[in-house]
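Take a look at the structure below.
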Amino acid sequence: MTDTIGELSAVELTAAIRKKKVSAREALAVHLERITQVNPVINAVVTLDPEGAEALAHRADQLTASGAELAPLHGLPMTHKDTNNTAGMRTTQGSLALRDFIPDADDLIVARLKAAGVVTTGKTNVPEFGAGSHTFNDLFGTTTNPYAPTLSAGGSSGGVAAVVASRVQSIGDGSDMGGSLRIPASFCNVVGFRPSTAVIPMPSDVNAYAWLGRTGPMARTVEDIALFMSVTAGKDPRVPHPAGLDPQVFRSGLETDMRGVRIGWSRDFGIGVPVEPEILDHLERQLAVFASLGAIVEEATPDFSEADLVFGNTRAMDFAAGLGPILERAGDLIKPEVHWNVNKGLALTARDLIETAAARTRLEKSVQEFFGRYHLFASPCAQVLPFDATLRYPAEVAGVASETYLDWMRSACLLSATGLPVLSVPAGFSSTGLPIGLQLASNHYTDMQLLRWGRAFEQQTGYAAVAPVVEAAPVLEAGSNAATGAANLTTTAA
């Protein structure tokens, strides 16, 4: 069975471990071997602790043999996103300023995954401080796409998307402020899920009321997304948001009937957002899948005319609050895009904040008017196909120049501004074989129903089953990923 472990979903692999068809140590051995095979090509894993993981897997097998009740993710090997703190293992956020930082405690999402039984093996690459949807930094280099290793894997959860797509692991933890779960999912042919506000709480010493950023999962199946949510969702007393959703919600069935489900589809969000024509043409053909299931698909959109303002100012405020102090200490080590975003936040006036709150209120009113008529909003996930990995970001989209590093991400950022749960599902491939994702959003706290609708599409298409063939390491202008990817495989646990 070890020959097929890498292809198994998390649901399948954890069931096999519980039934003693495969051991946690065997699962780990396949995981580590796959990293050795693909990391010189994609440079996704930047910290690895095989000895610590071996000890965890050994204890997992002892627990299996004891007949004790096993946790839902018992024995599942997993690397974590390098913006999520891991106790005793370096968490750099892709920055030279934090190259030696080893946290004392896990972030909540990692702590819950560990409590659910995962075997932590290492960390995956991110853009510096998660800023931008292309994964590169001066500390570890660039993560590339398993389907085309000279192109971008997306970001900021690009390392996570690349390892899940490459069959290193079945699921992974990521985060998403402006598309950081959804765009890399689209680029790498996996599923990315941005939950509703505080469904997975994000405790903060800076702003416990922050709402724009989320943590969430990536996987190759929607069923695995639901499994991940079932062990990471739930109230935390440090976060004063509404209770969100009970994790038991995600343990209910995924079967659904799409007959009569009303879907609003938009090519440009009603405000002229540029999207590459091939993406639009391809996705519009995919909408027939929903129609074949009995859904009603029409062109319709909420009013996103003020969503850019809401997203831009809220993101800037969060950046200033969270990263302003580190810029003061080590600004010369940090990339210009982070400086720009922090400075924008520091320049916000009281009038700006009042206007942002009012615009967010009007946006929510429009969203609720939309969901009074429709159940689901469908749109392009990414505005561009995976692009040259040596770029910082695309200079233009469909002939429209990018003025900032965020402009090519608007398709994701606009939905972030609504606060809605959003799912990116694999929707096929371009004429050159590059993955394309479809973005689906539903009303607040209808997360599980959104997963059901996404799974209905997934079952009809099966695109995520098309695995990449990772063979030869590309040579990028900035240097060889083969050298960088191999050099990053070092143990840095305390």
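Read-outs: derived from the displayed coordinates by stated rules, not from any lab. Source: prediction; values computed, not measured. Note that we place each Cβ from the backbone using ideal geometry, even for glycine, and neighbour counts take in every protein chain shown.
Please compute, over every Cα-Cα pair in the range 1-60, the percentage with a separation greater than 14 angstrom. Here the tail beyond 14 Å accounts for 58 percent of pairs. Length gained on full extension, S430 to L353, computed as 0.36 nm times the residue gap minus the Cα-Cα distance: 23.6 nm. Each Cα pair of the range 320-466 feeds into the Kirkwood radius, which the Stokes-Einstein equation turns, at 25 °C and 0.890 mPa s, into a diffusion coefficient of 135 µm²/s.
How big is the Kirkwood radius of the range 354-424, worked out from every pair of different alpha carbons and given in Å to one decimal? This gives a value of 14.3 Å. Say R0 is 56 Å: what FRET efficiency, to the nearest 0.05, do T36 and R285 get from their beta-carbon distance? That gives a FRET efficiency of 0.90. For K235, the lysines whose Cα falls under 27 Å of its own Cα, not counting residues fewer than eight places away in the same chain, are K81, K114, K123, K365.
Given a Förster radius of 45 Å and the C-beta distance between T390 and Q62 as r, what FRET efficiency does 1/(1 + (r/R0)^6) yield to the nearest 0.05? According to the calculation, E is roughly 0.45. Divided by 2.2 N^0.38 Å, where N counts the residues, the Cα radius of gyration of the range 265-378 comes to 1.43. Note that the range 83-130 shows a convex hull volume over its alpha carbon atoms of 69 Å³ per residue.
Any idea what the alpha-carbon Rg over 2.2 N^0.38 Å comes to for the chain? List each step's numbers first, then the result.
On the way: Rg = 20.9 Å, N = 494, 2.2 N^0.38 = 23.2 Å.
Scaled against compact globular proteins, the figure is 0.90.
Expressed as a whole percent, the proportion of Cα-Cα pairs in the range 48-151 lying more than 18 Å apart is 54%. Relative to the current alpha-carbon distance between E471 and E403, full extension at 0.36 nm per residue lengthens the span by 20.9 nm. Please grab the % of Cα pairs in the range 127-271 that end up more than 26 Å from each other. Above the 26 Å cut-off, the range 127-271 has 33 percent of its Cα pairs. Note down the Stokes-Einstein diffusion coefficient of the range 198-285 in µm²/s, whole number, using a Kirkwood radius over alpha carbon pairs, 37 °C, and 0.692 mPa s. D, rounded to a whole number, is 200 µm²/s. Using only helices, what value at 222 nm comes out for the chain when you add -39,500 (n - 2.57) per DSSP H run of length 4 or more and divide by the total residues, to the nearest 500 deg cm²/dmol? Per the formula, -12000 deg cm²/dmol.
Convex hull volume per residue, computed on the Cα atoms of the range 37-99, equals 119 Å³.
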